[in-house]
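Here's the structure we're looking at; comments come further down.
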Amino acid sequence: MSEQSVSTTQFELGDYVRFWAAGEPAKGEFHCSDCGYGVTVYRELPACPMCASISWEQVPWSPFTRVASSELL
Ligand SMILES: [Zn+2]
């Protein structure tokens, strides 16, 4: 018998990626689904300033993502 120690909750949260479109009201960190550019959104999603894509993926809040939002070349 195999023990099912892997949580199904982990699968549901980790494997399901909801795509967001520019103009949608949103709050949090998002990455462009095309070029990966990261933005922090407080009201609604813009078009990507880098590649003009309007498709975004939300980044779950974690202590490790805060640094990336301030990276500028
Ligand atoms: Zn982009």
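Other residues lying with their Cβ under 11 Å from the Cβ of Glu44 contribute a combined charge of +1, Lys and Arg counting +1, Asp and Glu -1.
Which order, highest average first, do 28-35, 46-53, 17-24 follow once you tally other Cβ atoms within 10 Å for each residue and take the mean per peptide? Let's see the in-between values first.
On the way: 28-35: 16.9, 46-53: 13.9, 17-24: 11.8.
Final packing ranking: 28-35, 46-53, 17-24.
Distant-in-sequence amide contacts of Val59, defined by a placed amide H-H separation under 5 Å and a gap of 5 or more residues or a different chain, comprise Glu29, Phe30, His31.
Residues in segment 36-51 carry Karplus couplings, in order, of x, 4, x, 9, 10, 10, 10, 10, 9, 6, x, 6, 4, x, 8, 10 Hz; the curve used is 6.51 cos²θ - 1.76 cosθ + 1.60 with θ = phi - 60°, and Gly or Pro positions show x.
Only the coordinates and a few stated rules stand behind these numbers; no lab work does. Note that this is a predicted model, so its numbers are computed, not measured. So basically every Cβ, Gly included, is an ideal-geometry build from the backbone, and we count neighbours across all protein chains shown.
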